[in-house]
1. For the stretch 119-170, how many residues are among the small types (Gly, Ala, Ser) and in a loop (DSSP other than H, G, I, E, B)?
2. From the residues in the stretch 204-234 that are part of a loop (DSSP other than H, G, I, E, B) and among the hydrophobic types (A, V, I, L, M, F, W, C), which one is farthest from the ligand (Cβ to nearest atom)?
3. Need a quick list: helices (runs of 4 or more DSSP H) entirely within the stretch 13-116 having at least 2 residues that are open to solvent by less than 50 Å² (accessible area, probe 1.4 Å) and either free of Cβ contacts under 8 Å to residues at least 40 places away in the same chain or more than 19 Å from ALA198 (Cβ to Cβ) (or both).
4. Being within 8 Å of the ligand (Cβ to nearest atom), within 19 Å of the chain's Cα centre (by Cα), open to solvent by 40 Å² or more (accessible area, probe 1.4 Å) and within 23 Å of ALA85 (Cα to Cα): is that true of THR187 here?
5. Could we say that ALA201 is open to solvent by less than 20 Å² (accessible area, probe 1.4 Å), in contact (Cβ under 8 Å) with a residue 40 or more places away in the chain, more than 16 Å from the ligand (Cβ to nearest atom) and outside any strand (DSSP E or B) here?
6. Can we say SER140 is farther than 16 Å from LEU96 by Cβ, open to solvent by less than 60 Å² (accessible area, probe 1.4 Å) and within 16 Å of the ligand (Cβ to nearest atom)?
7. Inside the stretch 167-179, can you point out the residues that are of a type in the set (Gly, Ala, Ser) and surrounded by 18 or more Cβ atoms within 10 Å (Cβ to Cβ)?
8. Could you check how many residues of the stretch 204-231 are crowded, with 17+ Cβ neighbours inside 10 Å and acidic (Asp, Glu)?
Amino acid sequence: MDVELTRRLREARRLAFITGAGVSAESGIPTFRGAQGLWRNFRPEDLATPTAFARDPLLVWQWYEWRRALCSGAEPNAAHKTIAAIEADFSERFLLITQNVDGLHFRAGSRRMIEVHGSLFRVRCVSCQHRAEHPYRTESRLPPRCPLCDNLLRPDVVWFGETYDQIDIRRALDFLSDVSLVCVLGTSGMVPMPVHLAEHARQYGAYIVDINTAESALTPMADRSLRGAAAEILPALWSEQL
Ligand code: OAD
């Protein structure tokens, strides 16, 4: 594979990963863009905005229940597992920033992680402060209601037109101000946050690695670009003989 890159990865002083939907492709979860992408078949403005939820909460919840069923039935793949193994080695010198809401990083063992777009397996109340875990169950009644105030619960995800949690972003930027290597996997960068985060790390001297089946918005700024499936490339890179 690439001994020099493997050495950089293993010997990094501090290391960050930024992931997108491509990391879960080998687990059978569709990405958002591209030929089979979710946004080819569904319109974000009908399903993933506060206005859509106010208009038709049942429709939005039905779409989310379908995704929750799909993701809870999927298994973490070799990319998720390798990222968790790397975290175990690096401990507090490691941070994962993911745009994915599918819960697969957590199920693979990742804990030092910021889910910048939230999670399909948490809910929050539209009215009060209630926030809770929300595991998938086949018999759920839709739309779910808040146990405290009986208002609607919504998926605890970031929708179009909504802002990121500023505490999450501050934490990510702080960590990225002092990393030697950032590995960006399976994101198009069409939502600009991963590009912004990687640019920030690069300004502070980090080496940027982009792993993707295709060119992305990250490619022009990366020091190294590797083309192929994350679930094949990352485990091979990490386990290469030095
Ligand atoms: P996209 O669907 O925009 O991009 C997926 C990326 O993964 C593309 O660049 C593909 O080339 C790449 N890819 C596909 N299969 C791969 C594989 N097996 N290994 C490596 N790379 C692969 O997904 P994201 O960039 O994650 O936001 O999208 C960002 C955000 O846009 C999502 O979090 C979602 C969406 O709207 C919200 O829902 C808020």
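1. 3
2. Across the stretch 204-234, the extreme among qualifying residues is ALA206.
3. On the way: elements: 38-41, 44-47, 50-55, 57-73, 78-90, 104-108.
Where helices (runs of 4 or more DSSP H) fall fully within the stretch 13-116 and carry at least 2 residues being open to solvent by less than 50 Å² (accessible area, probe 1.4 Å) and either free of Cβ contacts under 8 Å to residues at least 40 places away in the same chain or more than 19 Å from ALA198 (Cβ to Cβ) (or both), they are 44-47, 50-55, 57-73, 78-90, 104-108.
4. Numbers: within 8 Å of the ligand (Cβ to nearest atom): yes; within 19 Å of the chain's Cα centre (by Cα): yes; open to solvent by 40 Å² or more (accessible area, probe 1.4 Å): no; within 23 Å of ALA85 (Cα to Cα): yes.
Answer is no for this residue.
5. So ALA201 fits the description; yes.
6. When the stated conditions are applied, SER140 does not pass them.
7. ALA172
8. Number satisfying all stated conditions: 1.
The values are calculated or read from the model by the stated rules, or taken from the named source; none is laboratory data. Here the structure is a predicted model, which is why all the values come from computation and not from measurement. Positions of Cβ are generated from backbone atoms using ideal geometry, with glycine treated the same way; all protein chains shown enter the neighbour counts. The protein model used for the area step is the full one, side chains on, heavy atoms only, and it has no ligands, DNA or RNA in it. Shrake-Rupley method; radii C 1.70, N 1.55, O 1.52, S 1.80 Å.
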